[in-house]
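The values are calculated or read from the model by the stated rules, or taken from the named source; none is laboratory data. Keep in mind the model is a prediction, meaning the values are calculated, not measured. Cβ placement follows ideal geometry from the backbone for every residue including glycine, while neighbour counts extend to all protein chains displayed.
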């Protein structure tokens, strides 16, 4: 059996990092972890190929080679997935689709032969047995959320490493909180399941063996959802890093209550975590309550960010406008918070109602839904009727984005961030874009000569050399990320 694994294309979004990747000569941020994991679950005798549309085009010859095609997608990849299915069926091939989008989709995708709903650890073996007997069913739905003890090591050897800026691994699934707008708790549940420390270290051994060095994204939606288990992992992870010469720098996502646990923060610092993405959403407590974001209430969010930064971790964060409780001053309050917290990479988006979420169900019952979200919260899309005038909401959203990603504003925030995290993390890893003379040349050419805001770049570079020389790699990475976000702002459709 010849299996073609296809990852649909992502549009240009916050997480695509598309405009920044060109400085490194990379094509995509990270490879499709779901498909590499699925590959490891297939029979050893089956041949497999991976085509990531974010890296290269899907060719007719790829489809002709395959006996069957597997594809997975998030909601934001929907349009590309539909095109993939159309092409596969036009060539008369069988296609199997799974993943977060199809598991929560409002309607079935036409033309798909087999659909996987939920996680595939228990259902994929059944499908393989049925397929070999010629009795494969149309729908395979997981009866329960499986333990991760049986999840195999991803097939990292399937990946063209040089095309990607970072690699991904997964430690846990699920989150203990109940945010109204979140689809993670609907797909993966509110009881976080984790892999064992042995599993994680074995995965890292495998990643090391294929030649990867540099950034590893632990893709969990809330890495600290199961604090007890994480605290057992971190010392083992720190020991592994020391034993192997600190080959990896880790980034992940976590809830804000990370700031309340010094043991956890110290463990992450020792293990080599350098960046963490937080879901802050709004500085307005009424908005947090309305969204059931109770974990962000009761403390000082600015101080929480500073606490995490003090452990050498750069804070990235998500922010939302469009809550029913938002008043006209919310836009300036968001700007003020982002400025004071010194968060360079702030993902600000309009609230979107994702399928199967509590928010979706509430808005549907109130007759306020306008259709399915595109899953891209930085394109100015609204798929529901907001309480605030929609034109004012869009105007305010644009004002936030134009302000926080104006070069002078962004570079000031970045310099303050560097000041807070400087010299507090573990020994730096040298595998960064400034390790390449070609990459640094691109930075000087594009940001220092061609870019319309080149004056601000030279001022920033001078201050970095003067005050933060030991953080030069981080500073240049953040400079190109600022360029990415300015391009995102330029393309805003609001």
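Among residues that are at pLDDT 95 or above, on the phi < 0 side of the Ramachandran plot and either part of a loop (DSSP other than H, G, I, E, B) or surrounded by fewer than 15 Cβ atoms within 10 Å (Cβ to Cβ) (or both), residue 419 is included.
Looking across segment 79-103 at every residue that is touching a helix residue (DSSP H, G or I) at 6+ places or on another chain (Cβ under 7 Å) and surrounded by fewer than 20 Cβ atoms within 10 Å (Cβ to Cβ), the one that is nearest to residue 140 (Cα to Cα) is identified as 93. Checked against the criterion of being closer than 30 Å to residue 395 by Cα and not assigned by TED's automatic domain parsing to the domain that holds residue 402, segment 459-467 contains one or more residues that satisfy it.
Quick one: would you say residue 246 is in contact (Cβ under 8 Å) with a residue 60 or more places away in the chain, surrounded by fewer than 20 Cβ atoms within 10 Å (Cβ to Cβ) and not in a strand (DSSP E or B)? Spell out how you get there, then give the answer.
On the way: in contact (Cβ under 8 Å) with a residue 60 or more places away in the chain: yes; surrounded by fewer than 20 Cβ atoms within 10 Å (Cβ to Cβ): yes; not in a strand (DSSP E or B): yes.
Criteria met by residue 246.
Checking the stated criteria, residue 235 turns out to be more than 22 Å from the chain's Cα centre (by Cα) and in a helix (DSSP H, G or I). Residue 225 satisfies every condition listed in (1) assigned to a helix (DSSP H, G or I); (2) under 24 Å from residue 144 (Cβ atoms) except (1).
Answer yes if at least one residue in segment 289-309 is under 16 Å from residue 218 (Cα atoms), assigned by TED's automatic domain parsing to the domain that holds residue 354 and out of contact with any helix residue (DSSP H, G or I) (no Cβ under 6 Å at 6 or more places or on another chain), and no otherwise.
No: segment 289-309 contains no residue that is under 16 Å from residue 218 (Cα atoms), assigned by TED's automatic domain parsing to the domain that holds residue 354 and out of contact with any helix residue (DSSP H, G or I) (no Cβ under 6 Å at 6 or more places or on another chain).
When 312, 318, 352 are screened for being over 27 Å from residue 187 (Cβ atoms) and either in the same structural domain as residue 402 (by TED's automatic domain parsing) or more than 25 Å from the chain's Cα centre (by Cα) (or both), only 312 passes. For segment 361-393, the tally of residues that are farther than 18 Å from residue 318 by Cβ, over 24 Å from the mean Cα position of the chain (by Cα) and either touching a residue at least 60 places away in the same chain (Cβ under 8 Å) or not assigned by TED's automatic domain parsing to the domain that holds residue 318 (or both) stands at 5.
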